Number of protein chains: 2
Amino acid sequence: MPNTTGLGVLRQEDAHLPARLALSAQAVDGVATSTEQFEKWFADRSAAQVHEVTPIPFDRMRNWSFAPDTGNLVHDSGRFFSVVGLRVEVDQGPVREWSQPIIVQQEIGLLGIAVREIDGVLHLLMQAKTEPGNPNGVQLSPTVQATKSNYTGVHRGRTVPYIEHFRNVRPHRVVADVLQSEHGAWFYRKRNRNMVIEVGPEVEADGDFCWMTLGQVQEQLRIDHRVNMDARTVLSCLPGPGVGSGVHTSTELLHWITTNQATRDVTTTVVGLSGLPGWERSERSISHERGLFFHVGAVDVRANSREVSGWTQPLIEPHGIGVAALLVKRFDGVLHALLRARIEPGYVDVIELAPTVQGTPENHAHLPGLVQDQLRDIERYRDEGRVLFDAEMSEEGGRFYHSRSRYMIIEVGENYPDQEPEGFRWTTLPQITWLLQHQHYLNVQARSLIACLRACTG
Amino acid sequence: MPNTTGLGVLRQEDAHLPARLALSAQAVDGVATSTEQFEKWFADRSAAQVHEVTPIPFDRMRNWSFAPDTGNLVHDSGRFFSVVGLRVEVDQGPVREWSQPIIVQQEIGLLGIAVREIDGVLHLLMQAKTEPGNPNGVQLSPTVQATKSNYTGVHRGRTVPYIEHFRNVRPHRVVADVLQSEHGAWFYRKRNRNMVIEVGPEVEADGDFCWMTLGQVQEQLRIDHRVNMDARTVLSCLPGPGVGSGVHTSTELLHWITTNQATRDVTTTVVGLSGLPGWERSERSISHERGLFFHVGAVDVRANSREVSGWTQPLIEPHGIGVAALLVKRFDGVLHALLRARIEPGYVDVIELAPTVQGTPENHAHLPGLVQDQLRDIERYRDEGRVLFDAEMSEEGGRFYHSRSRYMIIEVGENYPDQEPEGFRWTTLPQITWLLQHQHYLNVQARSLIACLRACTG
C-alpha cells in the first residue's frame, strides 16, 4: 500500500504496473467476464440502445442556428461546439493555401477508463455506448466520456456514471493522465483528457458497463467498428516498461520533432463561415464545391438510453473511406513503426506524429503523388509483407456521421529500405509509449494504431 | 564513436553525458580558460561593445509605425515582432479580467550553446553580447541567439557566427533540443528553441566567444546581471541522471499538471492597441493609467559591434523590480523545489510551472494578499533558513528595457510545512530535469532558477 497521507516518504513509479498490464493483456479469454458473457452483454446492450437518426435541414434544429454576423453554426447556450471557417497557409505540400469549415470546441472533455484488479488480474471497465454518428450503433467505449457541459448539467441530462471516481481520484491511483489532440483536419485545437485510474472493489459494473481484461479489449479492436475512438486513444496512453534501445535515441527523436516544430510554417486564421471560398451552403449542408472532403449537415436524434431522450445537432460527414496505415519493421529484432511528422491545421502545435500513411484517396485523386503513391506502397508491401492488423473503425460518433477509416499495420521485410523518407522516423513501441506520457506528440490516428499494435505484439 | 551512418545498430541514450556535465560543473577554476583569462576577456569585450541607447518619441522610429486600423505597433516588413492589445479573462485570483499590450513574435528563435571537450572536460562556448535593453551593457550569452530574421537576412546584417553548426548538426551530437516559452505576461505565445550541441576541435572561439566550463558559467550566475536570460534558459535544459524518487511520483506530477491544464480557464482575445481599456498612448509611451506594470517606449540604438551599426526599435520597460523566488526543502535528504502552477495570458497552454513566488510587489500593492503575503513568507524563511542563491538578473535585453528581477533560492528547514498550498507541488531537481526535456512545462523564470539551483547543488 503506497504512502498517501504525509509527504515524508520518498516514492518511485509503480514498477509492477507494466507487468500487471501485460498479465491482463494475456488474459484474452477473460477472468471476471467470459467471452461468452461479454458477447451476450454486448448483444443485449446493442438491442437496448437504439438511436433513430434522421438527417434534417438546418432550420429544423432546435437551439442551433447560424450567427447573423459570421454565418457560424452555433448553439444558443454558446457552449458545446460551433462550426466556423478557417483560412490555412502551409509551407509545403501540393496545396499551400485553402479555406475550410472546422469545429471549435473549447471545453476539454474527459475520456477515462477505470481499471480494477479482480482475481489478481487488472480489468478495464468498458461501456457499451451508441452515438448518433456511429455507422453501426453501439460500440465499446471508455468508462467515462464526457465534456464539462455533460457533467456540469448544461445538457440538462442525467449524471455521468462513475465521473466522481475520476474527479476525486487520489493521485497514487492514477495510471495515466494526459491531454491529447483530436482530428486536426476537423477540429480546431480540440483536445481531450485521457485518463486511466485504478479503483477498488467498491466499484462495480452495472447495466451498460462490463469488466474486461486488456486482452479481451484488444481482441475486440480487430472487429470492424467495435471499439470507439475514445476508447482507442485512452488505451494508447497506458504506461509501459522503459524506453530501451532503437535505431534513434530518444534525444535524437526529440531533436527531430523540435526541428519540425521550429522550422515548418502553418498559419491559420479563424474566419466566419459565410462566404468561405470553395464552400457552399444549402438548406441541408455546407459542402465543398467539388464535393470533396466532407460536408456539414444536421440530424434529429431519438434515443432511449441517453442522458436526454432526443435532440438535434450538426454532424460532419466525411466523404470516402479514410486510410491510416502503419508500416513496421524489425531492426535487430526490435519492432519499429515508421511515423510521419504531419501538419494539420487544427493542431495546437505545428506538427504531430502520424501514421506512415493517412488520408482519403478520393480527396487526393486530383493531386500528384502523395497519398496515391503511398497507397501503392501499402498494396505492394502488403503483398510482400505480413498484415498484422486490418480493420475498419469509426471516428467520434458524437461529431462525425458514418466516418469510416481502414486501420492497417503491415510488417515489412528486410527488403524494405531502412532509409527514412524526409519527414519520417522509425520509432520503437517503448519510445512511443514514452512520448505518449506527454501531450500532443502523436495524433489521434497514430494513437489508434498504437493501441492496435500493442494488441498484435502482446 | 556512435553509429551514424546506417540504421541497423540499436542505440541508447548516452549514459556518460550526465557524468561529463558533472565533471565540467566541478571545474570552477576553468581548464581551457583560467578565471583570470576569462575576467580579462570579459572586461575587454565590455569595453569594446558599446551601445548608445536613447529614448525617442515613437514618430522618430525608422521602419516602425502604428497601423492605422488597429493602432498596433508594427515593423514595415511585417516581421520581427509587433505590439498588440490583449483582452484576458481568468477564472481565479483577485483580478479576473483585464486588457494589456503584449508582444507578438511568431518566429521561433534559436538559442544555442555549443559544447566541446577540451582536455577531457566539456566546455561551453559562451558569447559576450550587449543588448539595447541591458541595464549594464555586455552579458554572458549563448553561442547563438538568433531569430529567423537574423539568420535569413531580413536584418540585412552580418551572418550569425556558428549558426551553421546548429542548423546542420548531426543528430547524435545533439545534447538537448526543446521549445520553451518566454514571459507569458509580456509575450503572446512566444517560444524559442533551446539547443545544446556537441562540437569537435574544428570549432574555435574567437573575439566575442570564450570556452568556459559549466562550473565557471555557474559561478558567473551569482554575479548581478552577468548571465543573460537566453543563456539561463538553455542551461536549464541540460540533461541529467534518471528521475529517482520524490514525495510525488512522476505520474502524480503529470496528473497534477494535467488537472490544472484541463480545469482552469483562461480566455484571451487579441485586439487592436487603439483604445485599449486602462492604457494610454502619448508621444513617447503606451502606459497604464495608474502607472503600473510596464510601458512601451521607443529607443534609438547606436552600436559598434552588432550585425547593423544602428537602429530604432520599441522596447518594453517593466516598472519596479521583479521577484522570482524558489523555496527548497529536503525530504529524506532529497532536495525538492516548491513549484507553482501559474496562469499567464501569453502561454501556449493554460498553466506553466513557476517559482514559488513570482511578481513585482509594486504592481500588487493595491490588491489583497497574494504577492505581499508570499513576500513576507520569503522574508521570514530567509531569516530562518539558508539563502542558497540571491542575485539580480535581467530579462531579454532585445525586448525589455532595464528589466530587473531578484532571483532567490531559499532552503527552508523542517519547521516549514510539508503540506503544499493549493496549486503548489514539491518537485525534485531530477524530476524537473526530466520535465525540461519537453516543451512548456516550466516557465522562463523557473528555468532561470533551475539553472541557478544546479549551480548551488553541484
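Of the residues making up the range B:383-425, those losing 20 Å² or more of accessible area when the isolated chain is joined by the remaining protein chains, with a 1.4 Å probe, are B:Asp418.
Using C-alpha positions alone, give me the convex hull volume of the range A:284-368 per residue in cubic angstrom.
Details: hull volume 16.5 nm³, N = 85.
In the range A:284-368, the Cα convex hull volume per residue is 194 Å³.
Among beta bridges identified by DSSP and lying wholly in the range A:139-267, the antiparallel ones come to about 90 percent. If you roll a 1.4 angstrom probe over the protein chains with everything in place, what fraction of the accessible area of chain B belongs to carbon and sulfur, to the nearest %? Taking all protein chains in place, chain B shows 48 percent carbon and sulfur surface. Label-to-label distances for A:Glu422 across copies, nearest first, come out at 5.3 nm, using points 7 Å from Cα in the beta-carbon direction. Comparing A:Ile450, A:Ile409, A:Gly397 along the charge dipole axis of the range A:361-458, the residue lying farthest to the positive side is A:Gly397, per the Cβ-charge model. Measuring only protein heavy atoms, the 1.4 Å probe finds B:His402 accessible over about 70 Å². In chain A, the DSSP-assigned H stretches of four residues or longer account for a calculated mean residue ellipticity at 222 nm of -6500 deg cm²/dmol, using -39500 (n - 2.57) per stretch and the full residue count as denominator.
The residue list A:Asn260, A:Leu238, A:Trp211 was ranked by how far each Cα lies along the charge dipole of the range A:189-289 toward its positive end, using unit charges on Cβ atoms, and A:Asn260 comes out on top.
Loop-resident GluC sites (Glu not before Pro) (DSSP state other than H, G, I, E or B) in the range A:241-328 with no more than 11 further Cβ atoms inside 10 Å of their Cβ: A:Glu283, A:Glu289. Here the 3J(HN,Hα) profile of the range B:327-341, calculated from phi with Karplus coefficients 6.51, -1.76 and 1.60 at θ = phi - 60°, is 8, 10, 8, 8, 10, 6, x, 9, 6, 10, 9, 8, 8, 10, 7 Hz, Gly and Pro shown as x. Just the number, please: percent antiparallel of the DSSP beta bridges in the range A:316-458, rounded to the nearest 5. So the antiparallel bridges in the range A:316-458 amount to around 70 percent. Ranked by the mean number of other Cβ atoms within 10 Å of their residues, highest first, the peptides B:103-111, A:175-183 come out as A:175-183, B:103-111.
With distances taken between every two different alpha-carbon atoms, chain B has a Kirkwood hydrodynamic radius of 23.0 Å.
For the range B:186-239, build the convex hull from the C-alpha positions and give me its volume per residue in Å³.
134 Å³
Taking other residues whose beta carbon is less than 10 angstrom from the beta carbon of B:Trp186, and scoring Lys, Arg as +1 and Asp, Glu as -1, yields -2. Note on B:Ile118 and A:Glu420: with the Förster distance fixed at 35 Å, the Cβ-Cβ geometry gives a FRET efficiency of about 0.55.
FRET efficiency for the pair B:Arg60 and B:Thr263, taken as 1/(1 + (r/R0)^6) with r the Cβ-Cβ distance and R0 = 45 Å, rounds to 0.40. Using protein chains only (no ligands, no nucleic acids) and a 1.4 Å probe, work out which residues of the range A:226-255 have their accessible area cut by at least 20 Å² relative to the chain alone. SASA drop of 20 Å² or more in the range A:226-255: A:Gly244, A:Ser245, A:Gly246, A:Val247, A:Thr249, A:Thr251, A:Glu252, A:Leu254, A:His255. Remark: accessible surface ordering of A:Arg232, B:Arg60 (largest first) is B:Arg60, A:Arg232, probe radius 1.4 Å.
For chains B and A, what's the summed buried accessible area, probe 1.4 Å, to the nearest 100 square angstrom? Summing both chains' loss of accessible area gives about 4600 Å². Its Cα centre serving as origin, the protein assembly as shown has a Cβ charge dipole (Lys and Arg +1, Asp and Glu -1) of approximately 700 debye. A simple count of charges around B:Ile223, restricted to other residues whose Cβ falls under 13 Å of its Cβ and scoring Lys, Arg +1 and Asp, Glu -1, yields -2.
Can you give the accessible area per residue of chain A, in Å², using a 1.4 Å probe?
Value returned for chain A: 39 Å² of accessible area per residue.
Dipole size of chain B about its Cα centre, with +1 on Lys/Arg Cβ and -1 on Asp/Glu Cβ: approximately 740 debye, rounded to the nearest 20. The mean count of C-beta atoms from other chains within 10 Å of the C-beta of residues in A:11-17, rounded to a whole number, is 3. In this assembly of identical copies, the label point of B:Thr263 (Cα plus 7 Å along Cα-to-Cβ) is separated from its counterparts by 4.2 nm, sorted shortest first. With contacts taken as Cα pairs under 8 Å and at least 6 residues apart, chain A reaches a relative contact order of 21 percent. Taking Cβ atoms as reference points and 9 Å as the exclusive limit, the residues near B:Val350 contribute a net charge of -2, counting Lys and Arg as +1 and Asp and Glu as -1. Relative to the Cα centre, the charge distribution of the range A:226-289, modelled as +1 at Lys and Arg Cβ and -1 at Asp and Glu Cβ, gives a dipole magnitude of about 220 debye.
Would you mind computing Rg(Cα) / (2.2 N^0.38 Å) for the protein assembly as shown, counting N as its residues? This ratio for the protein assembly as shown stands at 0.96.
With label points defined 7 Å past Cα in the direction of Cβ, position B:Ser77 shows copy-to-copy spacings of 4.9 nm, given to one decimal and shortest first.
The three principal axes of the Cα atoms in the range B:349-453 give end-to-end lengths of 41, 36, 28 Å, sorted in falling order. Relative to the compact-globule scaling 2.2 N^0.38 Å, provide the ratio for the alpha-carbon radius of gyration of the range A:1-118. Taking the Cα Rg and dividing by 2.2 N^0.38 Å, one obtains 1.82. Farthest toward the positive end of the dipole of chain B, out of B:Pro132, B:Gln374, B:Ala325, is the Cα of B:Pro132, where the dipole comes from beta carbon charges about the Cα centre.
The values are calculated or read from the model by the stated rules, or taken from the named source; none is laboratory data. Given the structure is predicted, the values throughout are model-derived calculations rather than measurements. Here the Cβ is made from the backbone with ideal geometry for all residues, glycine too, and neighbour counts use every protein chain on show. Surface areas here come from the heavy atoms of the whole protein model, side chains and all, with no ligands, DNA or RNA. Shrake-Rupley method; radii C 1.70, N 1.55, O 1.52, S 1.80 Å.
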